[in-house]
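The structure appears right after this line, and notes come after that.
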Amino acid sequence: MTACELLVEQYDTVRSIVDDLFLPGLSDDQMRYQPKEGLNSIAWYLWHTARWQDYANTLIKNDRSQVLDEKWLKRMNVSRHDVGTGMTHDECTTFNETVNITELRAYWIAVGDTVREVAKSVPVGELSEPVDRARLYQMLEDGSIANERAKWLPSFLEGKTKGWFLSMAVWHMAEHLLGGVVCVRRVSGIPVGL
């Protein structure tokens with residue numbers, strides 16, 4: 001098993017936990033519900049995680065475009081191009097009120113497919129190469145970073161390798177999405193279907 005095959009296996013393991021145990025049976029209202037200040041909705045966690053994975057794919061493979069385009073924005077009824085880092089409570093509330101949950105789930109699936117494609121296409125020798133600095137800093141201009149509160153991201157991410165960004169698809173999903181979904185379900189009294 002190659003390192004990339006291992007990453008895909010780990011990615012699919014966490015995805016199946018999220019997709020098969022924690023997202024099924026949730027109504028649109030449950031997906032949108034933001035239980036309290038400082039805790040986002042399940043829809044937001046799903047979107048934020050998908051946005052980071054989508055963006056990271058373009059850093060790992062310079063010739064790739066993001067899945068998110070004007071058609072997806074329209075389908076999801078979302079105007080934001082950013083990855084969601086640094087959004088205010090009001091911005092999250094607006095997102096929760098307007099996002100089309102069915103299309104958000106479809107975007108999540110489409111991004112997952114591209115994560116697998118990218119992981120399978122990266123030569124093992126490239127995993128230790130840092131991502132292109134210019135492409136990374138482009139996030140300040142292309143809408144991937146949409147506010148002052150997240151302008152620290154490029155300097156934090158500078159020097160990170162393609163392997164780091166591939167692994168982020170696993171650990172960010174486990175930490176942010178899975179952790180957020182479990183917390184929101186618990187705080188909201190939504191039982192986990194185990």
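Quick test for you: out of 28, 20, pick the one residue that is touching a residue at least 12 places away in the same chain (Cβ under 8 Å) and open to solvent by 60 Å² or more (accessible area, probe 1.4 Å).
Numbers: 20 fails: touching a residue at least 12 places away in the same chain (Cβ under 8 Å).
Sole residue among the options that is touching a residue at least 12 places away in the same chain (Cβ under 8 Å) and open to solvent by 60 Å² or more (accessible area, probe 1.4 Å): 28.
For residue 2, work out the one condition from (1) more than 21 Å from residue 183 (Cβ to Cβ); (2) open to solvent by 50 Å² or more (accessible area, probe 1.4 Å); (3) within 18 Å of the chain's Cα centre (by Cα); (4) of a type outside the set (Lys, Arg) it doesn't fulfil.
(3)
Among 40, 77, 62, 57, which is the only one that is in contact with a helix residue (DSSP H, G or I) (Cβ under 9 Å, 6 or more places away or on another chain) and open to solvent by less than 10 Å² (accessible area, probe 1.4 Å)?
On the way: 40 fails: open to solvent by less than 10 Å² (accessible area, probe 1.4 Å); 77 fails: open to solvent by less than 10 Å² (accessible area, probe 1.4 Å); 62 fails: open to solvent by less than 10 Å² (accessible area, probe 1.4 Å).
Within the list 40, 77, 62, 57, the selection yields 57.
So the check is Cβ under 7 Å with 6+ separation or different chains; which pairs have a first residue in segment 130-144 that's under 21 Å from residue 163 (Cα atoms) and a second one that's open to solvent by 60 Å² or more (accessible area, probe 1.4 Å) and part of a loop (DSSP other than H, G, I, E, B)?
That search, which allows pairs on different chains as well, returns 132/62; 133/158; 135/62; 136/158; 144/81.
Inside segment 153-177, can you point out the residues that are over 27 Å from residue 69 (Cβ atoms) and either among the basic types (Lys, Arg) or at pLDDT below 85 (or both)?
Hits for segment 153-177: nothing passes.
In segment 145-156, what residues are free of Cβ contacts under 8 Å to residues at least 60 places away in the same chain and open to solvent by less than 50 Å² (accessible area, probe 1.4 Å)?
Keep residues of segment 145-156 that are free of Cβ contacts under 8 Å to residues at least 60 places away in the same chain, which gives 151-152, 154-156.
154 - this is the single residue of segment 145-156 that is free of Cβ contacts under 8 Å to residues at least 60 places away in the same chain and open to solvent by less than 50 Å² (accessible area, probe 1.4 Å).
Only one of 189, 143 is on the phi > 0 side of the Ramachandran plot and modelled with pLDDT of 85 or more; which? Walk me through how you get there before you give the answer.
Details: 143 fails: modelled with pLDDT of 85 or more.
Answer to the selection: 189.
Do we find that residue 47 is open to solvent by less than 40 Å² (accessible area, probe 1.4 Å), under 30 Å from residue 122 (Cα atoms) and in contact with a Phe, Trp or Tyr (Cβ under 8 Å, 6 or more places away or on another chain) in this structure?
Values: open to solvent by less than 40 Å² (accessible area, probe 1.4 Å): yes; under 30 Å from residue 122 (Cα atoms): yes; in contact with a Phe, Trp or Tyr (Cβ under 8 Å, 6 or more places away or on another chain): yes.
Here the answer is yes, as residue 47 does meet what is asked.
With 131, 118, 99 as the choices, which residue is closer than 24 Å to residue 33 by Cα, open to solvent by less than 50 Å² (accessible area, probe 1.4 Å) and among the β-branched types (Val, Ile, Thr)? Even if it seems obvious, please write down each step before you answer.
Numbers: 131 fails: closer than 24 Å to residue 33 by Cα; 118 fails: closer than 24 Å to residue 33 by Cα.
None of the other options fit; the residue is 99.
Quick one: which residue in 159, 180, 125, 189 is surrounded by 19 or more Cβ atoms within 10 Å (Cβ to Cβ) and either without any contact (Cβ under 8 Å) to a residue 40 or more places away in the chain or within 19 Å of the chain's Cα centre (by Cα) (or both)?
On the way: 159 fails: surrounded by 19 or more Cβ atoms within 10 Å (Cβ to Cβ); 125 fails: surrounded by 19 or more Cβ atoms within 10 Å (Cβ to Cβ); 189 fails: surrounded by 19 or more Cβ atoms within 10 Å (Cβ to Cβ).
Residue meeting the stated conditions: 180.
The values are calculated or read from the model by the stated rules, or taken from the named source; none is laboratory data. What you see is a predicted model; the values in this text were computed from it and never measured. All Cβ positions, glycine included, derive from the backbone under ideal geometry; neighbour counts span all protein chains shown. Remember, those area values only see protein heavy atoms, side chains included, never the ligands or the DNA or RNA. Shrake-Rupley method; radii C 1.70, N 1.55, O 1.52, S 1.80 Å.
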